[in-house]
Amino acid sequence: MTDAPPGPYDVPASVLARAFGAEAARYDQARPSYPAEAVARVLDALAPTGAEPPARIVDIGAGTGKLTALLVGRAAEVMAVEPDPQMLAVLTARLPQVRAVTGSAERIPLPDASVDAIVAGQAFHWFARPDADREFARVLRPGGVVGLFWNIPDRGVGWVDQLYRATRKPEVAGAEFDPLDLDLFGPAEEVAVPSVHQLTGPDALRDLVHSWSWVITRPRAEQDAIDQRLRILVDRHAELQGPVVRLPQRTEVYWQRRR
């Protein structure tokens with residue numbers, strides 16, 4: 001298979017961030033969840049095992065609720081904040097017990113010092129800084145925790161790297177972790193938890209590809225070319241042809257405590 005060069009990609013980050021709603025159902029079906037161990041590390045930093053559960057946890061940029069679902073039962077109230085109405089509609093349908101509201105990292109519709117923990121899964125790199133840092137500090141109680149999660153596919157595996165090359169993944173500025181304002185938050189702690197994202201065959205792998213912002217925002221002709229390269233990739237790797245495709249990944253987690 002001939003790799004497609006990354007090349008220039010001039011779609012603004014703000015457009016990429018708003019791309020997901022058009023593929024909300026596909027996003028919900030194809031995107032991975034997060035290891036329970038990763039969630040526990042953040043919440044244990046707030047309230048060690050055996051302590052009283054937190055009163056309120058808020059998932060910011062909650063999308064369709066991939067991370068939110070793992071918080072249910074871990075606090076007296078779990079709240080999801082999401083700016084995209086299509087993503088929020090999917091979350092509400094699958095998690096009716098969660099209080100879901102329109103909002104953003106820069107505008108959280110909650111009073112000062114009313115939150116014990118804030119989490120964000122696969123979303124922090126879209127937030128406007130330092131506005132988000134200040135808003136987190138405003139709504140968190142002193143000692144509250146911010147936990148940030150990313151699922152990172154293992155590009156050391158040959159076919160995984162070829163998959164990303166086939167989609168012409170761009171280098172998007174701001175995708176790496178940058179600590180929250182250290183005048184407002186303590187030093188960051190981190191852990192990486194390995195896992196495997198199981199997809200139901202090559203069609204689900206294609207759905208995953210079409211949930212990526214840099215694919216969603218491509219012109220139709222370029223998306224068709226990506227699909228053709230994906231078909232060639234599947235034909236060349238037996239592990240992509242069965243009823244289950246296993247995508248190796250790690251979940252990187254960072255957390256900081258409100259001063």
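Scanning segment 197-209 turns up no residue that is among the hydrophobic types (A, V, I, L, M, F, W, C) and surrounded by fewer than 16 Cβ atoms within 10 Å (Cβ to Cβ). With a requirement of 1 or more residues that are under 18 Å from the mean Cα position of the chain (by Cα), under 19 Å from Asp161 (Cβ atoms) and of a type in the set (Gly, Ala, Ser), none of the helices (runs of 4 or more DSSP H) lying completely within segment 177-259 satisfies it. Looking across Leu233, Leu240, Leu199, one residue alone is over 21 Å from Ala120 (Cα atoms) and in contact with a strand residue (DSSP E or B) (Cβ under 8 Å, 6 or more places away or on another chain). It is Leu199. Return the residue satisfying two criteria in turn: it lies in segment 181-196 and is closer than 17 Å to Ser33 by Cα and among the aliphatic types (A, V, I, L, M), and of such residues it is surrounded by the fewest Cβ atoms within 10 Å (Cβ to Cβ). Per the criteria, the residue is Ala192.
May I ask you to verify whether Gly143 is under 17 Å from the mean Cα position of the chain (by Cα), in contact (Cβ under 8 Å) with a residue 12 or more places away in the chain and within 22 Å of Val253 (Cβ to Cβ)? Criteria not met by Gly143. Just one of the listed residues (Arg165, Arg218) is charged (D, E, K, R) and out of contact with any Asp or Glu (no Cβ under 9 Å at 6 or more places or on another chain), namely Arg218.
Condition test on Thr49, is it among the β-branched types (Val, Ile, Thr), modelled with pLDDT under 95 and on the phi < 0 side of the Ramachandran plot? For Thr49, the condition - among the β-branched types (Val, Ile, Thr), modelled with pLDDT under 95 and on the phi < 0 side of the Ramachandran plot - is met. Look at (1) modelled with pLDDT under 95; (2) more than 20 Å from Ala62 (Cβ to Cβ) and you find that Pro179 fails only one, number (1). Beta carbons closer than 6 Å, at least 6 apart along the sequence or on distinct chains, pair a first residue in segment 206-234 that is over 18 Å from Gly158 (Cα atoms) and touching a residue at least 12 places away in the same chain (Cβ under 8 Å) with a second that is among the polar types (S, T, N, Q) and in a loop (DSSP other than H, G, I, E, B) for Val215/Thr167. Taken together, the residues in segment 18-59 that are touching a strand residue (DSSP E or B) at 6+ places or on another chain (Cβ under 6 Å) and not in a helix (DSSP H, G or I) amount to 9. Pairs meeting the criteria (first residue in segment 99-121 and surrounded by fewer than 19 Cβ atoms within 10 Å (Cβ to Cβ), second residue small (Gly, Ala, Ser), beta carbons under 7 Å, at least 6 apart or on different chains) are Glu106/Ala128; Glu106/Ala132; Pro109/Gly103.
A residue that is under 19 Å from Ala188 (Cα atoms) and not in a helix (DSSP H, G or I) occurs somewhere in segment 60-81. In segment 124-165, the qualifying residues are those that are surrounded by fewer than 23 Cβ atoms within 10 Å (Cβ to Cβ) and among the small types (Gly, Ala, Ser), and the one that is modelled with the highest pLDDT is Ala137.
The values are calculated or read from the model by the stated rules, or taken from the named source; none is laboratory data. No experiment lies behind these values; they were computed from the predicted model shown. Cβ sites come from the backbone with ideal geometry, for glycine too, and all protein chains shown count toward neighbours.
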